[in-house]
Amino acid sequence: MKIGKKNLILNEIGAQMEECIFCNIIDKKSKAYIVYEDENTIAFLDISPVFLGHTLIVPKKHYVTVMEAPKEVLESIADDVKFISEAVMKATGSEGIMVVNNNIVSQLVHHLHVHIIPRNFGDKFSYPRGPRRRYTEEHMNEIKEKIKSEIATIKNN
Ligand code: 5GP
Ligand code: ZN
């Protein structure tokens, strides 16, 4: 069903949600160049690669972020990250691999996914060298304590 510019579909409980391109790939309603698939995850070539061989690892159940996905889902993605990184590196002859996951900000597809991107020395992709900040020691301690406190709260729930 199409409403305005967005394709809306009904989920299992009958609520409307925006149609998900990765769910369509998982359901084989849309074409993708699949390199791996099991009961939990699927991996396919990114349609618009940073470098050739750029692969996406996607859980078969629809979650938007790592915060919302259950631990077991993240574990199955982590298993794939290990061997698919090795495979992409060998298949493309790259010198390294970048593993990236965008959550909310910079996340164009709202279905959790991990990018496996082949990298080479001097390839001019600038991500790790982007603008960096400097801490004062006071600020570093303050942020450290805030994150520790949030971790303690999350772990206790
Ligand atoms: P994000 O910005 O959400 O982390 O990355 C989404 C990625 O999905 C982008 O790199 C984009 O090229 C890729 N992508 C978007 N639509 C499709 C599609 O229909 N098929 C495939 N294979 N990749 C897609
Ligand atoms: Zn989805």
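Every number in this text was worked out from the coordinates using simple rules, so none of it is lab data. The structure displayed is predicted, hence computed values, not measured ones. Cβ coordinates were reconstructed from backbone atoms using ideal geometry, including for glycine residues, and neighbour counts include every protein chain displayed.
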Work from the charge dipole of the chain (Cβ charges, +1 for Lys and Arg, -1 for Asp and Glu, about the Cα centre) and give the residue of Ser106, Leu56, Ala87 farthest towards its positive end. Ser106
Suppose R0 equals 35 Å; then what is the FRET efficiency for Asn141 and Gln107 from their Cβ-Cβ distance, rounded to the nearest 0.05? 0.70
Assuming 0.36 nm per residue, please report the length gained on full extension of the stretch Asn40 to Glu68 beyond their Cα-Cα distance. 8.5 nm
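Rounded to the nearest 20 Debye, what is the dipole magnitude of the chain about its Cα centre when Lys and Arg each give +1 and Asp and Glu each give -1 at the C-beta?
Once rounded to the nearest 20, the dipole reads 540 debye.
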Residue by residue through the range 81-95, which ³J(HN,Hα) values in whole Hz follow from phi under the Karplus form 6.51 cos²θ - 1.76 cosθ + 1.60 (θ = phi - 60°), with glycine and proline marked x? 3, 5, 7, 6, 4, 4, 5, 5, 4, 5, 5, 9, x, 6, 8
Could you check the spin-label model distance between Glu95 and Asn157? Points 7 Å from the Cα along Cα→Cβ, value in nm. 4.4
Compute the length gained on full extension between Asn24 and Ser126: take 0.36 nm times their separation in residues and subtract their Cα-Cα distance, giving the result in nm to one decimal. 33.5 nm
Within the set Lys61/Lys144; Lys31/Lys124; Lys28/Lys60; Lys60/Lys90, which residue pairs have Cα atoms separated by over 22 Å? Lys61/Lys144; Lys31/Lys124; Lys60/Lys90
So for each of 67-73, 150-156, 114-120 I average, over its residues, the number of other beta carbons within 10 Å; can you give me the resulting order with the highest mean first? 114-120, 67-73, 150-156
